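Structure first, then comments.
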Amino acid sequence: MAITYHAGRRIQGILGSEVLASAGWTFTTSNCSISNEVLNVATASDDSRAYRSHTITDDQNWVVDMDCYTGSGGEGHVIHCLKLSKLSTIADDQFAFRLNNTGGNVSLYIQERLSGSNNQQVTTATISQNTQYYMRFIRNGSTVYWKVYTSDSNRTSDTSATTVSLSLTSPSVRSISYIQHGSETTGNTVSGIKIDNIKIYHNMVTPSGTPAYETDFTDGYSGDTKPTNVQVGSRFEETDTRKM
């Protein structure tokens, strides 16, 4: 925020520029977008994805938290994945956490893709469509976990979770380059999935300290804290006897 002091004890300034929550994200179609402070994910029998580059340099331990409203679909697969490329297909090495929307419920899959082969685990439990959940994805050495909680407080205390786990066939998936949300296939339709409050932690299996990456999909502000109800780019003056 640039400030100029004038005669008569006047202060004049201009607020800095706004930083959009969509900065750094790429969208393959308009079905995926950031609006109303969430990442909206939908597929309409097409290749609809949102992805952002991100590097996990430790291949043994990491945690990813995010809030997710599950939306609905007929037989659609929507995945949250950490992968080595931004390809739309699942051919590249990756961890994929799949929401299988079908039959009014959502099955949970974890998929490890290595050299063209899948190592996959599905839970016998299901969560509900069109429901808000609080998710945690963990890699702890040779095992990957997906935990789904009904409240943020349960996630914080790690209680009452629906859990899927997968023993890895190889520790070869490392230096993850992208976080991606979108469709595994292009032949199904899913709508209404909303993702918020992503936090990624490196080199740990229990979140602690400042995340390596986090976003709440709220447009930010470059510079000092933006005053309440003052529009970006506004000019202002302080005319009393003190410089504030």
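The values are calculated or read from the model by the stated rules, or taken from the named source; none is laboratory data. Predicted, not measured: the structure shown is a model, and the values here were computed from it. Backbone-built Cβ (ideal geometry, glycine too); neighbour counts: all protein chains shown. The area values use the complete protein model at the heavy-atom level, side chains included, leaving out ligands, DNA and RNA. Shrake-Rupley method; radii C 1.70, N 1.55, O 1.52, S 1.80 Å.
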Please work out the average accessible area per residue across the range 19-86, using the 1.4 Å probe convention, and give it in Å².
37 Å²
Short version: ³J(HN,Hα) in whole Hz for each residue of the range 196-209, in order, from phi by Karplus 6.51 cos²θ - 1.76 cosθ + 1.60 (θ = phi - 60°), x for Gly and Pro, what are they?
8, 6, 7, 9, 10, 10, 9, 6, 7, 10, 10, x, 7, x
Rounded to whole Hz and in sequence order, give me ³J(HN,Hα) for the range 53-66 from the Karplus expression 6.51 cos²θ - 1.76 cosθ + 1.60, θ = phi - 60°, writing x for Gly and Pro.
5, 6, 10, 9, 8, 9, 9, 10, 9, 6, 9, 10, 9, 7
Not counting ligands, DNA or RNA, and with a 1.4 Å probe, what is Asp216's accessible surface area in Å² rounded to the nearest 10?
70 Å²
Can you tell me how the range 136-219 classifies by the Cα gyration tensor, rounded, prolate or oblate, using a/c under 1.5 as the rounded cut?
rounded
For the range 52-154, which whole percent of the accessible surface, found with a 1.4 angstrom probe, sits on carbon and sulfur atoms?
41 percent
For His54, which sequence-distant residues (separation of 5 or more, or a different chain) have an amide H within less than 5 Å of its own amide H, given hydrogens modelled in the peptide plane?
Tyr178, Ile179
Given backbone amide H placed at 1.01 Å from N, residues whose amide H is under 5 Å from that of Gln94, ignoring those fewer than 5 places away on the same chain, are Arg113
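Give the accessible surface of the range 105-186 per residue, rounded to a whole number of Å², with probe radius 1.4 Å and ligands, DNA and RNA excluded.
On the way: 3490 Å² over 82 residues.
Roughly 43 Å² per residue, with all protein chains present.
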Please compute the alpha carbon radius of gyration of the range 23-150, then divide it by the globular-protein estimate 2.2 N^0.38 Å. Two decimals is fine.
1.04
Sort Lys147, Lys83 by heavy-atom solvent-accessible area, probe 1.4 angstrom, most to least.
Lys147, Lys83
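Quote the charge dipole size of the range 23-101 about the Cα centre in Debye, to the nearest 20; the model charges only the Cβ of Lys and Arg (+1) and of Asp and Glu (-1).
Its charge dipole is roughly 160 debye.
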